[in-house]
Amino acid sequence: MFSSVLSSEDYAKELKILRAQLAVLEEERNARKRAEEETDLLKSLIIGISEVEDLNSALAIALKKVCETTGWVVGQAWLPNSEGTYLIASPAYYIKEKTLEIFRLMNKDLKFNPGVGFPGKVWVSKRPIWAKDISAEKDVVRNFLRDEAGLKSALGVPILSKNSEVIAVIEFFMFESKEEDVHLVSLISAITTQLSTVIERRKTEDELRKVQERFAGIYNSSKDAIGYCSLDGYLIDVNNSFIKLTGYSREELLSGKKYQDITPPEYHEAQALIVKKILDSGEPAEYEKEYIKADGSRVNVQPTAFLVRGKNNVPIGLASIIKDITEYKKTREALKILNKSLEQKIDERTKELIKTNSNLQAEIADREQAENALRESEEKYKKLIEVANDAIFIADTETGIIIDANKQAEKLLGLDIKEIIGMHQTKLHPKEEAERYRKIFMEDVQSGTNISDELYVCNKSGEKIPVEISASVIEVNGKKIIQGIFRDLRKWKRTHSK
């Protein structure tokens, strides 16, 4: 049996490998520990700053937690003045030791123009700046104070709004001169992002609260639901009608809930486009969607959303007046069904009318054809009576009034056609025998046809003219008329008398 004994050289190599592995493990353990500490820092910071009411309180919490966790001995904040022309010291600060109190006291009355001093440079650059040795900064007053306090390295970080405006500048100091720690800068930048979100939300809430106070009467008494939200969608306030509409309590709605949380997913994309349009144009928008109520059911609503503006006319949030259109939607659906039914009935009726119209057109065509045939017949008849050698009179069978006559009739009586039309048929004959001729006329009407001789007509000069009358009753356009052909017998009588 052989024993395996390492040589001193092999042992040294193995030991070196083990030490390297231990170093890696230690580094990983430290990295995990640091990551956990940073995560805990962010969590506690978010909770802490979300519970305070104003910007300076939020800054004070952030400065304290960052300094205690990452080793900075001084932390302080600078804010733009109301005109945005220079930086002033915020009441928020942190000092680790009492000996640093003088540094804080001497700083609180200082002002920094854009680009001047360490805070001014951070303000203008809008990005973090690390100074290994702050004494290199051209700031006589602050250099003296820092030298007295023994401060060396510094870090300045801007807190930016969504539109990249500087809300505040925070700066940190330590006693040691230290190279830039990229990881630490990244961590504090992440913290400022959280600060920015909370600060902007608080500012929005304050601005919206002021707006709400101006319209408190309308807001509280409105039957329509009214809600306010920040530009990133968080509900900030709602009226009682909104609570009644959705079924949530005020606490449920205002504890970090967004309007998207109570909106069905299928509406999210369209609503995002509407909100973008409102933000871009500044014009209100009316649209339809649904809310998910507290019990899981849905309600149809019609929001009218518009921008709410704060100081300097800067948009700070959105407000919506929301109508419950559930009944309206039901009515609209019922009207759709009714309209569809009406359209169907109209379609059926239209088809019937088309068919009726087609039949009517055919009937009209037949009638026109018949009328044309009748007209042609009348024209032929008119030509015949005009060229006839005998006088022809046409009278109404019921009244005995003459309604037409030919040229020979004019010649026989010595009267114009206008004088003849409208005469009673008895006026054609001797006045003293009017009753006789009336009876003959009635007999002709009754019999339908008759030939009578030894009758007389009187012309314009009063001459009695012997005539033979051939009468016949005909029907024209559903009306009966009697046609009388009067043959002048004067020539015949003269011939036979000889």
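Every read-out reported here was derived from the displayed coordinates using simple, explicitly stated rules and does not represent laboratory data. Not measured: the values here are computed from a predicted model. As a convention, Cβ positions derive from the backbone with ideal geometry for all residues, glycine included, and neighbour counts pool all protein chains shown.
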| remark: The extension gain from ARG438 to ALA362, computed as 0.36 nm times the residue separation minus the Cα-Cα distance, is 22.8 nm
| request: Kindly express, to the nearest 10 degrees and within the range 0 to 90, the angle between helix 434-447's C-alpha long axis and the longest C-alpha principal axis of the chain. | output: 60
| request: Only helical DSSP H runs with n ≥ 4 go in: add -39500 (n - 2.57) per run for the chain, normalise by residue count and round the 222 nm mean residue ellipticity to 500 deg cm²/dmol. | output: -16500 deg cm²/dmol
| What order do you get for 97-108, 307-318 when each peptide is scored by the mean count of other beta carbon atoms within 10 Å, highest first? | 307-318, 97-108
| task | Please turn the phi angles of the stretch 253-266 into ³J(HN,Hα) values with the Karplus equation 6.51 cos²θ - 1.76 cosθ + 1.60 (θ = phi - 60°), one per residue in order, whole Hz, x for glycine and proline. | result | 6, 9, 9, x, 8, 9, 5, 5, 5, 10, 10, x, x, 5
| Dipole magnitude of the chain about its Cα centre, charges +1 at Lys/Arg Cβ and -1 at Asp/Glu Cβ only, in debye to the nearest 20? | 1040
| field | Karplus 3J(HN,Hα) series, Hz, for the stretch 391-406 with 6.51 cos²θ - 1.76 cosθ + 1.60 (x for Gly, Pro) | value | 6, 10, 10, 10, 10, 6, 5, 7, 9, x, 7, 6, 10, 6, 6, 9
| request: In debye, nearest 20, what is the charge dipole magnitude of the stretch 52-112 about its Cα centre with +1 on Lys and Arg Cβ and -1 on Asp and Glu Cβ, if you could check? | output: 200
| message | Can you give me the long-range amide H partners of THR263? Hydrogens built in the peptide plane at 1.01 Å from N, cutoff under 5 Å, separation of 5 or more residues or another chain. | response | ILE292
| query | Residue by residue, what Karplus-based ³J(HN,Hα) values in Hz, rounded to whole numbers, does the stretch 270-287 have, using 6.51, -1.76 and 1.60 with θ = phi - 60° and x for Gly and Pro? | reply | 5, 5, 4, 5, 5, 4, 4, 5, 5, 5, 6, 9, x, 8, x, 9, 10, 8
| query | On a 0 to 90 degree scale, rounded to 10, what angle separates helix 8-50 from the longest Cα axis of the chain? | reply | 50
| Relative contact order of the chain, defined on C-alpha pairs under 8 angstrom at six or more residues apart (%) | 7
| field | Nearest 10 degrees, 0 to 90: helix 140-149 Cα axis against the chain principal axis | value | 50
| Once Cα Rg over 2.2 N^0.38 Å is worked out from the coordinates, which option in (1) 2.69; (2) 0.98; (3) 2.46 does it equal? | (3)
| task | With a bin width of 10 angstrom, please list the P(r) values of the stretch 353-498 as percents of all Cα-Cα pairs, from the 0 bin to the one holding the largest distance. | result | 10, 36, 29, 13, 8, 4, 1, 0
| request: Return a whole-number percent for the relative contact order of the stretch 388-497, with Cα pairs under 8 Å and 6 or more residues apart as the contact set. | output: 26
| query | Out of ALA362, GLY227, GLN446, whose Cα points farthest toward the positive end of the dipole of the chain (charges: +1 Lys, Arg; -1 Asp, Glu; placed on Cβ)? | reply | GLN446
| note | For LEU22, LEU415, LEU428, ascending order of other Cβ atoms within 10 Å (fewest first) is LEU22, LEU415, LEU428
| message | With the cut-off at 1.5 for a/c, could you classify the stretch 215-324 from its C-alpha gyration tensor as rounded, prolate or oblate? | response | oblate
